[in-house]
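Worksheet for the structure shown next.
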Amino acid sequence: MCNLYSLTKGQQAIIALARAMNDRTGNLPPMPGIFPDYPAPIVRQVGGERELAMARWGMPSPAFALEGKKTDPGVTNVRNTTSPHWRRWLKPENRCLVPFTSFSEFNREAGGDVWFALDESRPLACFAGIWTAGWTSTRKVKEGPVTTDLYAFLTTTPNAEVGAIHTKAMPAILTEPDEFEIWMNAPWEIARDLQRPLPDGALKIVAKGTKKDATHA
């Protein structure tokens, strides 16, 4: 389960890669460690235009997961897209691109957090994400009820590099402009094919044992 990633490229690079028309993030600093429930940038479509905006990481949890609980910290990784809970957010208007430069999987035997990227320079890529607007919930007791935009990203079977560290899953990663276009616009019957692992050899381990990946910011 990926519960930590890094984004150290600037917003202009994100806008260019994702072909966003509007930027609602303001001044976006490097984010070497993005954790669950943190606000982070996503690229979404609103009113027919693609925009870069901030949302909190963690989609609403299914009802069964909230039984007996006072808070909903959210679901960061979504695997079972056949679930009715998730199907409502699989339409193009609820899909988003989640930009990243590296992501971490935890493995105690490997020294803690193991960071993966497309190569040592940490080029920009995107997770295949979903989002929802204006969701009201109590994410932390001390915070109380809040209404905010939320996002998560899809996971899939790990490829060889990630599987050696975390055997259960890896994020669904998009690297090419045509993949971005399919994810943001195609019917689910086509877009769902992007919930797949990257080919073996497509990722490199770029850091170990750190909670942030600030290299090559």
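Among the residues making up region 59-82, those that are at pLDDT below 95 and among the basic types (Lys, Arg) are LYS69, LYS70. Within region 69-110, the residues that satisfy the criterion of being in a helix (DSSP H, G or I), over 28 Å from ALA13 (Cβ atoms) and over 16 Å from the mean Cα position of the chain (by Cα) are PRO84, HIS85, ARG87, ARG108, GLU109, ALA110.
This table checks each residue for (1) surrounded by 19 or more Cβ atoms within 10 Å (Cβ to Cβ); (2) more than 13 Å from LEU4 (Cα to Cα); (3) at pLDDT 95 or above.
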position: PRO32; (1), (2), (3): no, no, yes
position: TRP57; (1), (2), (3): yes, no, yes
position: PRO84; (1), (2), (3): no, yes, yes
position: LEU97; (1), (2), (3): yes, yes, yes
position: GLU105; (1), (2), (3): yes, no, yes
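Looking at region 133-143, is at least one residue within 19 Å of LEU194 (Cβ to Cβ), surrounded by 13 or more Cβ atoms within 10 Å (Cβ to Cβ), modelled with pLDDT of 95 or more and in contact with a strand residue (DSSP E or B) (Cβ under 7 Å, 6 or more places away or on another chain)? Taking every residue of region 133-143 in turn, none turns out to be within 19 Å of LEU194 (Cβ to Cβ), surrounded by 13 or more Cβ atoms within 10 Å (Cβ to Cβ), modelled with pLDDT of 95 or more and in contact with a strand residue (DSSP E or B) (Cβ under 7 Å, 6 or more places away or on another chain). Count of region 158-192 residues, restricted to those that are more than 28 Å from GLU49 (Cβ to Cβ), surrounded by 15 or more Cβ atoms within 10 Å (Cβ to Cβ), more than 13 Å from the chain's Cα centre (by Cα) and touching a residue at least 24 places away in the same chain (Cβ under 8 Å), is 7. Please work out which residue is farthest from PRO171 (Cα to Cα), limiting yourself to region 1-47 and to residues that are free of Cβ contacts under 8 Å to residues at least 60 places away in the same chain and assigned to a helix (DSSP H, G or I). Per the criteria, the residue is GLN12.
The values are calculated or read from the model by the stated rules, or taken from the named source; none is laboratory data. Computed from a predicted model, the values in this text were never measured in an experiment. No Cβ is skipped: glycine too gets one built from the backbone with ideal geometry, and neighbour counts run over all protein chains shown.
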